[in-house]
Amino acid sequence: MTVCAIEMTTTAPFTISADGSYAARLAGDGEARYAERWTLAGPEPYAVPLPLAQPEEADSELLPLADGRVLIHRRVADRHAFALLYPTGAAAGPRTGELQLGGVDAEEGVRVFLLPPAPDGCGAFAVAASDTVTTLWQVAGCAFGPQRVARIPGRCSGGVWLDRTGRLLALDRELEGTAKAVAVDLGGDGRVTPLLQITEDSDDRLLLADPDSGLLLIRSDAPGEPRLGWGVLGSSRPVRFPECLRLGEALPFAVQPGQALMPETCGVALRLPEGDIGLWRPADRHVFRLAAPAGWLGGAGLWSPQGRLHLPYAIPEVPCGIAGMALPASPPPPVHVEPPVRRDPPPPPSPRPVPLQQAPLAGR
C-alpha cells in the first residue's frame, strides 16, 4: 500500500490506553531503547519491559491497546511499519512476542503519526499528511494490514475523539492559509464536516474533548492572539476565552470524564510552560498551580470520574509510579452588594465572543 508519506515525530513519550488500564513508553537511554508496558488496573502499577533483539529508534511511537498489547510504529528506510508487541511469558526463548501488521510506503515531505488510542481500545489509526491531502489509515483492528479509511483535502494535524464509539474524529486541517478543526465521520465513508469556525480567517484548533459532557478545549487567535478557550459540542453558546487561561503555551492534557451534561464542572489538567501543573474548571475564574511530581512522564495523566488526577512518574527509587492529586474546592463566590442607582448611561457591553459554529451532534 502506498501513501504520500512522511516525516515522523513522537507526539508523547507516554501514552495511556483508552480505558486507562495500560500505558506504554520508550524506556532506556541513548541507543539502548525498548518498549515498556505499564499495567495501571490494579492496586499498584507495574512495568513489563518488551525488548527485542534490536533496540528501538528514539522516534518510534507506541500505543497501548485494551488487551495489553502495544502497537509500535517504526520508520524503516522509506516505509512505515506497524507491529504489535506483547509479553510471551515463556520460560525459555524471547520474552517479547511480535506480530507484524504491515506498513505504508513513505515519500518525502509528508508527516505520519499515530492518533490517540481509539475509544474501543482495539483499533488504532495513523495519519499521513502532505501539504495538499491527508490520508487516514486504520493500522490495527482490521483484517488485512493497514486500510485507508478517509482522504481529506488539506494538511491535518492533532487528533481528538469526539464520542465513545470511535465514529467521530476531530482533526485540525490547514487549508487555504487557515487552520480549522473538522470532524471526520468514520462510520459515514469518511465524510468531513466543519467543527470550529469562530471567524473566517482565525486559526481554530481543537486540543481536547470530553465525550460525556461535550466540553471542548480550544486554541484560537480569534481574540487577537492565540488563546486557550472552551466551548461545548453542539451548543449554540459562544466560545469563551477566560482571562485566567492566559497561560502562554500551556497545553491541556486530561479532562475529567463522567460529568454528563455538566461541562462547567469538569476538571481540566494543563501542563504549564514552567513545567508545573494547572488545575481548572470552566466554572472557576482561576487556575490552581501545583508542582509536578519528580520524574513526571511526558505531560501525561488520567482523571478519575471522582475528580482525582493520576500522574505517571519514574525516578531511580520508583521506576514505575503513579502520583495522585485532587482538584481543590472552588472558593466561595464574593458577597454581592447592590450597586447605587446610576443616572448616567451604562458603559457599552464588552464584545461577545464569537460562537462555536457548525458542529456534529447538534441535537445532543
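The values are calculated or read from the model by the stated rules, or taken from the named source; none is laboratory data. Note that the coordinates shown come from a computational prediction; the quantities given were computed from them, not determined experimentally. With ideal geometry, Cβ positions are generated from the backbone for all residues, glycine too; neighbour counts draw on all protein chains shown. Only protein heavy atoms, including side chains, enter the accessible area calculation; ligands, DNA and RNA are left aside. Shrake-Rupley method; radii C 1.70, N 1.55, O 1.52, S 1.80 Å.
The table that follows gives values for the structure above.
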item: Accessible area in square angstrom per residue, the stretch 218-267, 1.4 angstrom probe; result: 42 Å²
item: Backbone N within the stretch 11-49 under 15 Å of label point (7 Å from ALA58 Cα along the Cβ vector); result: 11-13, 26-34
item: Shape of the chain, Cα gyration tensor, a/c cut at 1.5; result: oblate
item: Computed over the stretch 128-248, Cα set: Rg, Dmax in Å; result: 15.0, 50
item: Apportionment of accessible area to carbon and sulfur, the stretch 287-332, percent (1.4 Å); result: 63 percent
item: Carbon/sulfur fraction of accessible area - the stretch 113-227, other protein chains in place, 1.4 Å, %; result: 47 percent
item: Residues VAL133 and ILE315, FRET efficiency given R0 of 41 Å [Cβ-Cβ distance, rounded to 0.05]; result: 0.40
item: Surface accessible to a 1.4 Å probe, per residue, for the residues of the stretch 49-158, Å²; result: 44 Å²
item: Relative packing of 74-84, 39-49, 153-163, which averages over residues the other C-beta atoms within 10 Å, highest first; result: 153-163, 74-84, 39-49
item: Under Karplus coefficients 6.51, -1.76 and 1.60, residue-wise ³J(HN,Hα) of the stretch 58-65 in Hz, glycine/proline x; result: 5, 9, 5, 10, 10, 8, x, 9
